[in-house]
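None of the figures in this text is laboratory data; all of them are computed from the coordinates on show. This structure is a prediction, so every number in the text was calculated from the model and none was measured. For neighbour counting, all protein chains shown are included, and Cβ atoms are generated from backbone atoms with ideal geometry for every residue, glycine included.
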Amino acid sequence: MSNILQRFLTISTTDPDDLRKRKILNVLLAGTGGLSVLGAITGALLIITSRQRTAENLLILWGSIITIIGVLVIYVINTRRSGKAASSLFLIFMTLIFTFSDSAEQVSGGRSLFYFAIPVFMASILLTPASSFVFAALSSVIIAVIGLSIDFAPNTPAMIGFFLLAFVFWLSARSLEQALGELRAININLDRVVTERTQALAESFSRERIEAGRSQAILNSIADGVIVFDKKWTATQANPALKAILEIPLEIIVNKDFRELIEHPRLSTKSRPLLYAMMNHGTQPIGFRIDWGEKTLSVGAASVYDNQSQNIGTVIVFRDFTREAEVERMKSTFVGIVSHELRTPLNAILGYSEMFKESVYGPMNEKQTNMADRIMKNTQRLLGLINDLLDQAQMEAGKMTIRTEAVRLSDLLEALHGLMDKSASDKGLRLTSEIDPLLPDALIGDPARLQQILVNLVTNAIKFTDQGGVHIQFFRRNAETWGIEVSDMGQGIPESQLAFIFDTFRQVEGTDTRSHGGFGLGLSIVKQLVGLMNGQIKLKSELNIGSTFTITLPLIVPDGESVLKE
Amino acid sequence: MNKLALIIEDDEDLANIFAEALHGIGLEVENLTDGESARQRLAGGEVPFVILLDMHLPLVSGKDLLQEIKNDPRFSNTWLMITTADARLAEDFRDQVDFALIKPILFGQLRDLVKRLKPKDEI
């Protein structure tokens, strides 16, 4: 029933005001139509029962039928065409019906006068508020004309009443329309805001879902074990790799306090303080190792901050370091074995050849002595190479340490001359040296390593110089810095090679490694030693003129020595 | 009286070379090739003028022997030298002994060094 009514009332229009007015008109048409049908039935019944076709009965019947036809026409116009036209027609139609529904006396000044108030009021609702005045005017004209037709004076109070009513209806309809308009604007705005908010929320949800999915995929795919902790060190997340590395179910980690994992029996007792320290100190170490059962794990940690820079937790990464740790141990063992097992037999070869040379077991001829000398030299060369390799291995393992003790510069030079003079003179070169008089007699350094640097640089200089000489200078740059300069008059180093000269296992291209010998480790070791001493090394070189290595080191004077030697 | 040198060294060749070097400057040489026999020898007998102790020894480590020698007042006038191929080890013990020699140790080097040594109680 309500569906049928709904269909009857429904009008297709987008303007809500128009829709509202046309719906009201439909309701009015339905009411008028219904009443007219009743009127027609009543008129017909009266004529049939009384068998008198009085003018009154006929008026009721025909009036009702005309009204029904009018209502149908207006309904069609209202639903198919225009609400305004239909409303105007309806109101005019009503006015005309009221005009002719009673005697002229009653219409112009009697009982039917108030009927005219109805179209005046309805015009304000169905058309525009101001149209009330139009119908007030129309009604005034009608009653005036009808009054005049029967010689009545125009009913001025009624006309004034119509206009007063029109004024009241105009006011109320206007404020109603204004209120409706405002309400509609508020509604539209509200709708827009709700739509926007809903969309933003949906986007943010989907972004978060994508982000969370991505993070989870990253966590699941990496080979390192990861635990995410909140601010109170409760694990909120752990990835499958962690399970594989620790070989324990994730359930005993996730949603548990980190301390429970630290106290796990598989974690070695000496590893626990490291993890507690990481927990308790705001600062996190760059990375350290722990022992978990048979495994060695490297641990890294990073704090997590929200967009207000507030710490909201920590991510800890565990990497299975067992293999690497094993390789390191093997390397260290290897270095130890090489250092002992290679040097011991070489020591024996050296010792025996020296004994020959020294004629310990009886006199030797010159050729035999020479041969013993050559055996010694070659053995020493071999030892030198082994020492270079061991030094390199030690530095790579970070095990090279620099001692700090008083070093007399004159002792350094004296020892250097003792070691190198012969190789220089064998090639016909001069080996000269000088000490800056501004330098103190002794300073803090590592005598053995300084000696090694000097021997490496001077050996190199002699190796690549064919005539002239090699000069060593100890200089004082300023109150904090002293330096060593080794210059030769050799073939020099091409500019393109300068950048690589300190690289491991590198010799200048074009020079035949075999003709000069060596692994190309000497300068690399020098550079690393200088680095360990907090110094710097620089190289200047000109082809066929020579090269100069300049090392600068921090100048520290032993207690009791004066900085300046005036 | 001839001065006595105690060489504790498990490598036969090195022991031989050291012995020849010291013998050549008129020392009597006693050779011990493992930690245990060295410990037994050190428990009694003639107090040596110089002890040459290898830090890598079978049975008893050179480190343990060194502590025992240092703790025994009988050796207070004995020159104590350790020998090792490990430079780091030599540096670690440098302050505890008279000389820490890093292998390779040259025949002439050892001979000249010991030759210069005077009895400690005369210094």
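For the segment A:357-366, counting C-beta atoms of other chains within 10 Å of every residue's C-beta and taking the mean gives 2.
In what sequence, highest mean first, do B:15-25, A:426-436, B:56-66 appear when ranked by Cβ atoms within 10 angstrom?
For the peptides B:15-25, A:426-436, B:56-66, the packing ranking is B:15-25, B:56-66, A:426-436.
Pairs over the 29 Å Cα-Cα cut-off, from the set A:Lys357/B:Lys118; A:Lys331/A:Lys422; A:Lys295/B:Lys63: A:Lys331/A:Lys422; A:Lys295/B:Lys63. In summary, the aspartates and glutamates within cross-link reach of A:Lys23, defined as a Cα separation below 17 angstrom excluding same-chain residues under 8 places away, comprise A:Asp15, A:Glu177.
Checking the a/c ratio against 1.5 first, then a/b against b/c, what shape does the Cα gyration tensor give for chain A? Before the final figure, lay out each step's value.
Details: a/c = 5.57, a/b = 4.01, b/c = 1.39.
Verdict is prolate for chain A.
Each of B:Asp11, B:Asp112 has some number of other Cβ atoms within 10 Å of its Cβ, and from fewest to most they run B:Asp112, B:Asp11.
Taking a ≥ b ≥ c as the square roots of the Cα gyration tensor eigenvalues, with a/c under 1.5 meaning rounded and otherwise prolate when a/b beats b/c, else oblate, which class fits chain B? Here chain B falls in the rounded category. Per-residue mean of foreign Cβ neighbours for A:419-426 is 0 (Cβ atoms of other chains, 10 Å radius).
Note on the stretch A:1-70: Cα Rg divided by 2.2 N^0.38 Å, N the number of residues, gives 1.49.
The mean number of partner chain beta-carbon atoms within 10 angstrom of a residue's beta-carbon across peptide B:82-95 is 3.
Among A:159-166, A:117-124, A:411-418, how do they line up by average Cβ neighbours within 10 Å per residue, starting with the highest? Working shown, then result.
Numbers: A:159-166: 18.4, A:117-124: 22.9, A:411-418: 15.1.
With the highest mean Cβ count within 10 Å placed first, the list reads A:117-124, A:159-166, A:411-418.
Starting from the Cα gyration tensor of the stretch A:165-263, take the square roots of the eigenvalues, sort them a ≥ b ≥ c, and report rounded, prolate or oblate (rounded when a/c is under 1.5, otherwise prolate if a/b is larger than b/c, else oblate). Prolate, because a/c is 1.5 or more and a/b exceeds b/c. For A:Lys232, the lysines whose Cα falls under 16 Å of its own Cα, not counting residues fewer than eight places away in the same chain, are A:Lys256.
Helix-only mean residue ellipticity at 222 nm, chain A, DSSP H runs n ≥ 4 weighted -39,500 (n - 2.57), per residue, nearest 500. What is it? Display every interim value, and only then the final one.
On the way: 19 runs with 325 residues, N = 566.
It lands at -19500 deg cm²/dmol.
In chain B, helices alone account for a calculated mean residue ellipticity at 222 nm of -11000 deg cm²/dmol, with every DSSP H run of four or more residues adding -39,500 (n - 2.57). Footprinting exposure proxy ranking of A:Val145, B:Val50, A:Val470, fewest other C-beta atoms within 10 angstrom first, gives A:Val145, B:Val50, A:Val470. Take A:297-308, A:83-94 and order them by the average number of nearby Cβ atoms within 10 Å per residue, most first; the result is A:83-94, A:297-308.
Taking other Cβ atoms within 10 Å as a rough exposure proxy, B:Lys118, A:Lys231 sort from fewest to most as B:Lys118, A:Lys231. The alpha-carbon of B:Lys120 sits under 19 angstrom from the alpha-carbons of these aspartates and glutamates, leaving out residues fewer than 8 places away in its chain: B:Glu28, B:Glu46, B:Asp72, B:Asp95, B:Asp98, B:Asp112.
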